[in-house]
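Q: Below is the structure I would like to discuss, written out as structure tokens.
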Amino acid sequence: MQIARVALDVPLHRFFDYIVPETEALSDSDLGRLVRVPFGQKSRIGIIVVLPQSSDVPVARLKSIEAVLRDIPALPADWFRLSEFCAAYYQAPLGEVMLSTLPAGLRRVAPPKARTSQRFVKPSPPQEPPELTAEQKTALAAIAEDSKGFRAYLLHGVTGSGKTEIYLRLVERSLAAGRQVLMLVPEINLTPQLESRVAARFPSAGLVSLHSELTEAARTRNWRAALEGRARIVLGTRLAIFAPLPDLGLIVVDEEHDASFKQQDGMRYSARDVAVFRARERGIPIVLGSATPSLESWANATDHRTPARYTLLTLHQRAVENSRLPLVQRIDTRPEKLQDGLSAALLLGIEKRLTRGEQSLVFLNRRGYAPVLACTNCGWISHCHRCAANLVLHLLDRRLRCHHCGFESPIPKACPTCGNQDIQPFGRGTQRLESVLAERFPQARILRVDRDSARSRKQWETLVQRIYSGDADILVGTQMLAKGHDFPKLTLVGALGADAALFASDWRAPERLFAQLMQVAGRAGRAELPGEVLIQTQFPDHPLYAALVQHDYAAFADSQLKEREEAGFPPYTFQAMLRAESPHMADALAFLATARAGPQTG
């Protein structure tokens with residue numbers, strides 16, 4: 001009698017033993033094979049992890065495997081090691097980790113039928129590689145000299161310095177060596193642009209994408225193409241880090257600082273950190289690229305008190321000839337009465353661009369019409385009923401939405417507390433800003449780009465195409481427009497509402513603000529037209545803004561790291577977060593207080 005130990009998607013730190021039917025005899029080559037097994041009153045999909053000689057459970061109590069899914073190749077050994085690392089480091093049941101990384105279609109009891117055809121990303125017309133700058137050549141040479149085995153490279157380049165071209169040259173080298181490549185981007189909205197560029201450069205390589213907006217069938221198909229080695233380049237968001245790649249030879253993490261690489265639901269993990277572990281485990285190079293690296297990565301590359309974990313490669317200049325970094329100016333709003341939140345300098349700058357046929361971007365990282373609805377009579381505020389955040393007013397949809405937990409409700413006709421019908425929006429969101437600009441510049445074509453106007457990939461691609469084609473004069477956008485885009489006619493960026501992050505309780509807020517502003521500033525003047533950035537602030541002398549004016553990330557990062565070391569914050573200490581969710585705040589706080597007190601003795 002043969003026994004198989006199976007991992008299942010259950011919140012238990014254990015595996016389950018099953019009898020292997022005589023018709024389904026297994027060997028060590030079947031480790032990692034998917035099986036269908038009975039569990040409780042239902043059937044589940046599991047993964048064979050061990051073929052033990054015996055079981056601790058009496059044989060009479062063991063159930064039999066219902067089917068071995070032999071049409072799906074067994075998962076490779078390095079994928080197991082990656083799952084084991086994540087389960088141990090992020091304190092999650094191993095079975096949950098293994099099964100949650102599979103496409104939903106393969107976790108179903110009746111998985112979709114295998115298809116022999118594979119629709120790879122449609123290539124654009126082939127493109128000739130551009131001439132490399134001296135800095136790009138130096139960076140590539142540094143990687144080429146030490147490309148054997150594991151090495152982590154931090155590619156720090158100003159916006160527009162040609163980091164993507166370095167990625168593509170490294171991809172070319174890996175493909176020539178018969179290896180697969182994994183490229184990670186922080187957001188789905190960045191994949192179409194990079195997809196088309198990679199497909200144009202490598203039209204016959206077999207490029208697939210992996211992200212949450214793919215249909216279930218498409219994700220399953222692309223995942224299998226990666227596992228079977230037919231896809232030589234995999235481009236995706238954080239979930240793609242778990243794609244099984246038998247010939248993996250290179251990992252690239254673009255915009256490595258981005259918080260979107262962190263998974264906040266289920267198993268909470270950092271895809272960037274998992275990528276570094278995977279590269280080390282496979283003995284391959286990994287390139288982490290950013291104009292504003294995370295402070296953890298910067299410390300790993302620049303801390304001279306210990307041997308550097310990462311090799312720092314720097315690009316100081318933009319790659320396009322005659323393209324210069326934008327002029328950054330601080331607009332002191334203290335002595336000025338703003339016009340609907342807009343300074344005279346910013347309004348004048350927009351007007352000049354309209355006259356010249358250029359584009360402007362007004363950046364406000366707060367979607368909706370207003371961040372809160374309030375009663376002027378009793379002080380009621382639109383708090384979320386499910387969490388501690390406020391409900392944001394979305395006037396066009398006539399809804400109040402929580403951008404934290406997703407709860408939403410209709411806009412009340414009167415104050416729920418006192419019945420006052422004169423409830424007012426306070427603050428500004430992108431919808432309200434769009435209305436203000438439309439009234440101020442009635443002749444301008446205004447385009448709002450946020451999560452509400454671009455809820456699907458198709459909507460996003462339509463908006464981006466309108467911007468590229470010049471069918472928009474003024475863009476009103478959130479962080480969706482802050483990175484990864486080259487709009488040739490965009491020459492002015494105005495940043496609103498940045499001061500709130502300067503004194504936030506989150507100790508990472510300054511780092512995120514600097515990255516956000518530097519990234520959005522980098523959208524201006526990407527081509528030959530000069531760019532200008534206007535930051536409205538009540539604290540123009542703040543060191544963060546001074547570093548922005550100089551485009552001096554290194555100075556900002558070093559000062560922040562010094563503060564963190566003195567305060568005992570990461571990366572100089574370790575922190576763990578314990579979260580509690582409950583319909584009642586008191587219950588959540590009581591649980592956290594008990595957990596903080598620790599186990600009681602006696």
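Every read-out reported here was derived from the displayed coordinates using simple, explicitly stated rules and does not represent laboratory data. These numbers come from a predicted model, not from an experiment. Heads up, the Cβs are rebuilt from the backbone with ideal geometry, glycines too, and the neighbour counts pull from every protein chain shown.
Q: Rank S270, L207, T376 by how far each Cα sits towards the positive end of the charge dipole of the chain (+1 on Lys, Arg Cβ; -1 on Asp, Glu Cβ) and give me just the farthest.
A: Sorting the options by dipole projection puts first L207.
Q: Moving to a separate point now. Which far-off residues, 5 or more places away or on another chain, put their amide H under 5 Å from the one on V252, with H placed in the peptide plane?
A: L182, M183, L184, V287
Q: Got a sec to turn the phi values of segment 396-404 into Karplus ³J(HN,Hα) couplings, 6.51 cos²θ - 1.76 cosθ + 1.60 with θ = phi - 60°, whole Hz, x for Gly and Pro?
A: So the Karplus estimates, Gly and Pro as x, are 5, 8, 6, 9, 9, 10, 8, 7, 9 Hz.
Q: Show me, for segment 294-302, the HN-Hα J-couplings you get by feeding each phi into the Karplus relation (A = 6.51, B = -1.76, C = 1.60, θ = phi - 60°), rounded to Hz, glycine and proline as x.
A: 4, 5, 5, 5, 4, 5, 5, 9, 10
Q: Is there a quick way to get the dipole size of segment 134-315? I mean about its Cα centre, with the Cβ of Lys and Arg at +1 and of Asp and Glu at -1; what is the value in debye to the nearest 20?
A: 480 debye
Q: Report the charge-dipole magnitude of the chain in Debye, nearest 20, computed about the Cα centre from +1 at each Lys and Arg Cβ and -1 at each Asp and Glu Cβ. Kindly include the intermediate steps, with their values, before the conclusion.
A: On the way: 74 positive and 64 negative charges, 268 e Å.
Charge dipole, the chain, about its Cα centre: 1280 debye, nearest 20.
Q: What are the ³J(HN,Hα) couplings of segment 467-475, residue after residue, when phi is run through the Karplus curve with 6.51, -1.76, 1.60 and θ = phi - 60°? Round to Hz, x for glycine and proline.
A: Values per residue, Gly and Pro as x: 5, 4, 6, x, 8, 7, 9, 10, 9 Hz.
Q: Counting other Cβ atoms within 10 Å, which trypsin sites (Lys or Arg not before Pro) in segment 495-602 have at most 12 and lie in a DSSP loop? Walk me through the numbers on the way to the answer.
A: Values: sites: R508, R512, R523, R526, K562, R564, R579, R596; in loops: R508, R523, R526, R579.
When the trypsin sites (Lys or Arg not before Pro) of segment 495-602 are filtered for loop state and at most 12 Cβ neighbours within 10 Å, R579 remain.
Q: Within a 10 angstrom radius of the beta carbon, how do T133, T478 rank from fewest other beta carbons to most?
A: Listed from fewest to most nearby Cβ atoms, that is T133, T478.
Q: Something else now. Return a whole-number percent for the relative contact order of the chain, with Cα pairs under 8 Å and 6 or more residues apart as the contact set. Working shown, then result.
A: Working: 1114 pairs, mean separation 71.3, N = 602.
About 12 percent, as a whole number.
Q: If you find the alpha carbon centre of segment 234-260 and of segment 453-486, how far apart are they in angstrom?
A: If we compute the Cα centre of each part, the gap is 24 Å.
Q: Taking R0 as 22 Å, what FRET efficiency do you get between L348 and A546 from their Cβ-Cβ distance, rounded to the nearest 0.05?
A: Once rounded, the FRET efficiency stands at 0.40.
Q: Turning to a different aspect of this structure: Determine the gain in length on full extension of the stretch E84-A176; use 0.36 nm per residue of separation and subtract their C-alpha separation, reporting nm with one decimal.
A: On the way: separation 92, 0.36 × 92 = 33.12 nm, distance 3.14 nm.
Value of the extension gain: 30.0 nm.
Q: How far is it, in nm, from the label point at A60 to the one at D506 when both lie 7 Å from their Cα along the line to the Cβ?
A: Placing both labels 7 Å along Cα→Cβ, they lie 5.8 nm apart.
Q: Residues with amide H under 5 Å of L529's amide H, sequence separation 5 or more or different chain, H placed in the peptide plane at 1.01 Å from N; which?
A: Amide H to amide H, under 5 Å and 5 or more residues apart or across chains, L529 pairs with nothing.
Q: Please find the FRET efficiency linking A134 to F426, where r is the Cβ-Cβ separation and R0 is fixed at 45 Å, and quote it to the nearest 0.05.
A: Result of the calculation: an efficiency of 0.30.
Q: So how much slack lies between A576 and A110, counting 0.36 nm per residue of separation and subtracting their Cα-Cα distance, in nm?
A: Gain on stretching A576 to A110: 163.9 nm.
Q: Filter K163/K489; K42/K63; K148/K262; K163/K262 down to the pairs with a C-alpha to C-alpha distance above 24 Å, please. Provide the component values of the computation, followed by the final result.
A: Numbers: K163/K489 21 Å; K42/K63 13 Å; K148/K262 29 Å; K163/K262 22 Å.
Correct reply: K148/K262.
Q: Check V449: other-chain or 5+ apart residues with amide H under 5 Å from its amide H, H built from backbone geometry?
A: Amide H neighbours of V449: V476, G477, T478.
Q: Let me ask something else about it. By counting other Cβ atoms within 10 Å of each Cβ, how are M480, M518 ranked from fewest to most?
A: M480, M518
Q: Give me H584, H485 ranked fewest to most by other Cβ atoms within 10 Å of their Cβ, as a rough exposure proxy.
A: Result, fewest neighbours first: H584, H485.
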